[in-house]
Structures are given as C-alpha cells and as structure tokens.
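**Student:** Structure provided below as structure tokens; questions to follow.
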Amino acid sequence: MLSESMETAINGQINKEIFSSYLYMAMGMYFEAEDLSGAASWMRTQALEEMTHAEKFMNFVNERGGRVTLQAIAKPAFAWDSPHAAFTAALEHERFISASINDLVASARKDNDYMSDNFLQWFVGEQVEEEASVSEVIRMFKLAGTSGGGLLMIDRELGSRVFTPPAAE
Ligand code: FEO
C-alpha cells in the first residue's frame with residue numbers, strides 16, 4: 001500500500017509529466033509556425049513520450065492501491081526567441097524534472113519505501129537520456145548558428161526521430 005505522502009508526491013509528479021507533454025506540444029506548435037517541421041515533429045514526439053511517463057506513474061499508483069487525482073494543467077509558454085532558446089528552455093525544464101524525481105527517490109528512501117524507490121529508478125535513468133538528448137540538439141543549433149542552410153540540415157535530422165513507446169510493465 002502506497003503511503004499517503006508518496007501518493008500525494010506522485011500525483012504531483014503526474015501533473016508535472018502531463019505539463020511536460022503540454023509544454024512540448026506548445027513548442028511543437030511554435031516550430032510549426034516557424035516552418036521548422038522537423039523540430040516540430042521532434043517536440044510532438046517528445047509530448048507523446050511525456051504522456052507515457054504520466055501513464056507509468058498512474059499505473060504504479062493504481063497497482064499499489066493508491067488513488068490518482070488529476071489536477072489542473074498550467075498554461076505553457078507559446079513562443080520563444082529562437083529554436084536554440086526553445087531547446088534551452090526544454091533543457092531547463094528537464095533539469096527541473098530530474099530534481100523532482102530525485103526528491104521522490106529521497107522521500108522513498110527516507111520512508112524505507114523500497115518498492116517506490118525501485119520503480120523510480122527507471123525515471124532516474126530516463127532523465128539522464130532526456131537531458132542528454134536535448135543537450136545534443138542545443139549543441140547542434142550552436143554549431144549551425146543562425147544560417148538558413150545549417151538550420152535546414154538540423155531540422156531534417158530532428159524530423160527523423162520516431163516515437164517508440166516504452167516497454168510495457
Ligand atoms: Fe518525463 Fe521529460 O521527463
């Protein structure tokens with residue numbers, strides 16, 4: 001049985017994951033408006049992935065006899081100064097999510113809740129990948145500068161990302 005405090009904390013994380021999806025969808029729409037369809041597709045794929053993170057947490061709460069209580073999703077930003085700025089904001093957001101996952105692990109360990117700790121380790125690993133993949137895109141934008149040709153090349157590369165749902169529990 002999930003403790004009340006862990007149930008509350010994971011419900012908060014579910015909200016953050018759904019907000020992440022909403023934020024990346026907003027970034028996807030920004031890139032659509034900028035005619036960067038590859039970057040838009042990358043962000044829309046990321047938005048789908050974030051929903052699978054929320055689902056993973058929801059399934060865990062249900063399996064442990066807890067109750068999922070969905071909360072209001074905050075309004076995300078809708079425009080950024082440049083593609084580089086949008087991905088930099090994405091990296092900042094992922095760092096915030098990583099810190100939030102770390103806090104959950106710390107609470108689980110403080111309460112000797114090893115089931116939650118074990119479950120959360122998947123997200124610890126996932127956050128390493130999330131931060132690395134966004135950092136890689138930022139690096140590409142930095143190298144390409146603001147030239148049309150460079151942007152086009154990166155956009156094509158970003159458009160090749162495909163959505164792979166995580167393995168079922
Ligand atoms: Fe679900 Fe991008 O963290």
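The values are calculated or read from the model by the stated rules, or taken from the named source; none is laboratory data. All values derive from a computational prediction rather than experimental measurement. When we count neighbours, we look across all protein chains shown, and the Cβ atoms used for this are built from the backbone with ideal geometry, even at glycine. Keep in mind that these areas ignore ligands, DNA and RNA; they rest on the heavy atoms of the full protein, side chains included. Shrake-Rupley method; radii C 1.70, N 1.55, O 1.52, S 1.80 Å.
**Student:** Tell me, which helices (runs of 4 or more DSSP H) lie completely within the stretch 55-159 with 2 or more residues that are at pLDDT 95 or above and within 16 Å of the ligand (Cβ to nearest atom)?
**Tutor:** Fully inside the stretch 55-159 and qualifying: 83-110, 114-144.
**Student:** With respect to Leu48, determine if the residue is open to solvent by 30 Å² or more (accessible area, probe 1.4 Å) and within 12 Å of the ligand (Cβ to nearest atom).
**Tutor:** On the way: open to solvent by 30 Å² or more (accessible area, probe 1.4 Å): yes; within 12 Å of the ligand (Cβ to nearest atom): yes.
Spelling it out, Leu48 is indeed open to solvent by 30 Å² or more (accessible area, probe 1.4 Å) and within 12 Å of the ligand (Cβ to nearest atom).
**Student:** Can you pull out the residues in the stretch 29-43 that are more than 14 Å from the ligand (Cβ to nearest atom) and within 16 Å of the chain's Cα centre (by Cα)?
**Tutor:** Passing the criteria: Ala39, Ala40, Ser41.
**Student:** In the stretch 76-125, which residues are of a type in the set (Phe, Trp, Tyr) and surrounded by 14 or more Cβ atoms within 10 Å (Cβ to Cβ)?
**Tutor:** Trp80, Phe87, Phe119, Trp122, Phe123
**Student:** Okay, moving on. Mind checking which pairs have a first residue in the stretch 129-140 that is among the polar types (S, T, N, Q) and a second that is modelled with pLDDT of 95 or more, Cβ under 8 Å, 6 or more apart or different chains?
**Tutor:** Ser135/Leu91
Each row is one residue, and each column tells you yes or no for (1) out of contact with any helix residue (DSSP H, G or I) (no Cβ under 7 Å at 6 or more places or on another chain); (2) surrounded by 21 or more Cβ atoms within 10 Å (Cβ to Cβ); (3) touching a residue at least 12 places away in the same chain (Cβ under 8 Å).
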position	(1), (2), (3)
Glu7	no, no, yes
Asn11	yes, no, yes
Asp35	yes, no, no
Gly38	no, no, yes
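**Student:** Here's another thing I want to ask about it. Mind counting the residues in the stretch 133-169 that are of a type outside the set (D, E, K, R), surrounded by 12 or more Cβ atoms within 10 Å (Cβ to Cβ) and over 19 Å from Lys16 (Cβ atoms)?
**Tutor:** 14
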